[in-house]
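So the structure is just underneath, and the comments pick up after that.
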């Protein structure tokens, strides 16, 4: 199978940035890269609409964001996703612990919808109205998810208390 | 507060490096798999429709038959030789699903990571729980812990012996034990722990069950077959650790030229093992762990028993190998 014109170049150029988006949306490197590749499969299918006159990166990011947002509703459908993907059962002797790891651990600890809203609001720089349009939900929902997410990150027993201060 | 949160998110994102060395190939591979599944699903739907029509003719209005997703009767499409994904573990309708793995567990309870393992009832599936074999519970408990495992997962070093089994359907699984194989001979009522990593299904399983029931549960696992392929070991490892069959570190290689020599030799082994073929006498394996600068790993399990000369990579590929050839190569790169 060969890629259509421009697709391989797009993936090669933007893959790293998309993976960063995916890792923040999931709080996990493996799941984030998985989310990225799944979204790129949809981009591949839509490529004729997206290239050369469309916005394939914006489309891919939107697919990733909506997939991460929907993950937060899975329990209502009785699915049970893994909440984290530890590398080993007894801890990884080679892996260090730093601020980046603490932030990802804190993101992993949030419900998926709070995590998605925080990433879009503070990392993506979107307004509450823009986020609501992106996720097809109300502005009130965005506000409540953001507020709860920040409060959770500032919990006195949370992993970011020393970096953010207690709430 | 907003600026501080943005700064922390920037730091977290800044340290992220993709682990997939060939993203275009990985995405096209997923496109192919999705296409095959759609075709298989369409075929299954057509067959089901024909079955319904034929059954209706024969049995009038009384139609019975296997469930469409019955793990014992489904015929899945083969998965690619290369390992790419991390499974999302689910338990639905009494079947544990993770990637290409299915395990029927009728009547079992499902618990999540935030529930204490010691408080669970018998026959519980724990999703994404952090469980350490021999953990804090005073009484033995019957449970299975299932978690997604990255392709870059590695087996624990230390006092764990490793070997490979072939699950029904054809996928290799790496299992760990403490020197007494839980699937080996012994009293059926004796509780045993078994750690099982199934890279092609992206899942890590921990079983705590009486030995007799453990054998039955492992035998009930069904997997999608894996296409035969040569070993996948990406270049660029910073260090290689070789663990003997006794699980002790027998050598560490840090010189780039020697690491590349070993990687080239392993990936150059040209005779893939046909899908689903067992390796007789596969009791314990050496492990060759490639450690990459981004803290990812590739583990190559090397069988050097006289009856089982083969190697399997955790990133994909399973090939035949001669024990003499491996011994010569390992001496060459470690002397």
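The table for this structure:
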{"read-out": "Residues of region B:27-42 satisfying the condition of being in contact with a helix residue (DSSP H, G or I) (Cβ under 7 Å, 6 or more places away or on another chain) and at pLDDT 80 or above", "value": "B:27, B:30, B:31"}
{"read-out": "Every residue from region A:3-53 that is outside any helix (DSSP H, G or I) and facing another protein chain (nearest Cβ under 8 Å)", "value": "A:3"}
{"read-out": "Among (1) modelled with pLDDT of 90 or more; (2) surrounded by fewer than 20 Cβ atoms within 10 Å (Cβ to Cβ) - the single one residue B:302 does not satisfy", "value": "(2)"}
{"read-out": "Top-ranked residue of region B:194-206 - restricted to ones that are part of a strand (DSSP E or B) and in contact with a helix residue (DSSP H, G or I) (Cβ under 9 Å, 6 or more places away or on another chain), ranked as modelled with the highest pLDDT", "value": "B:196"}
{"read-out": "One residue from A:118, A:126, A:153 being at pLDDT 90 or above and more than 22 Å from residue A:42 (Cβ to Cβ)", "value": "A:118"}
{"read-out": "Residue count for region B:15-40, restricted to those that are more than 7 Å from chain A (Cβ to nearest Cβ) and without any contact (Cβ under 8 Å) to a residue 40 or more places away in the chain", "value": "6"}
{"read-out": "Filter pass, residue B:220 being away from every other protein chain (no Cβ under 12 Å), surrounded by fewer than 23 Cβ atoms within 10 Å (Cβ to Cβ) and at pLDDT below 80", "value": "no"}
{"read-out": "Checking residue B:292 against (1) buried (at least 20 other Cβ atoms within 10 Å of the Cβ); (2) over 16 Å from the mean Cα position of the chain (by Cα), the condition it does not meet", "value": "(1)"}
{"read-out": "Residue within region B:252-272 that is buried (at least 19 other Cβ atoms within 10 Å of the Cβ), assigned to a strand (DSSP E or B) and more than 22 Å from the chain's Cα centre (by Cα) present", "value": "yes"}
{"read-out": "Among the residues listed as B:281, B:309, B:316, B:276, the single one being touching a strand residue (DSSP E or B) at 6+ places or on another chain (Cβ under 8 Å), under 22 Å from residue B:166 (Cα atoms), in contact (Cβ under 8 Å) with a residue 12 or more places away in the chain and buried (at least 21 other Cβ atoms within 10 Å of the Cβ)", "value": "B:316"}
{"read-out": "Complete set of residues in region A:142-153 that are in contact (Cβ under 8 Å) with a residue 12 or more places away in the chain and surrounded by fewer than 18 Cβ atoms within 10 Å (Cβ to Cβ)", "value": "A:143, A:148, A:151"}
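The values are calculated or read from the model by the stated rules, or taken from the named source; none is laboratory data. Note that this is a predicted model, so its numbers are computed, not measured. A quick note on method: Cβ atoms are made from the backbone with ideal geometry, for glycine too, and the neighbour counts reach across all protein chains shown.
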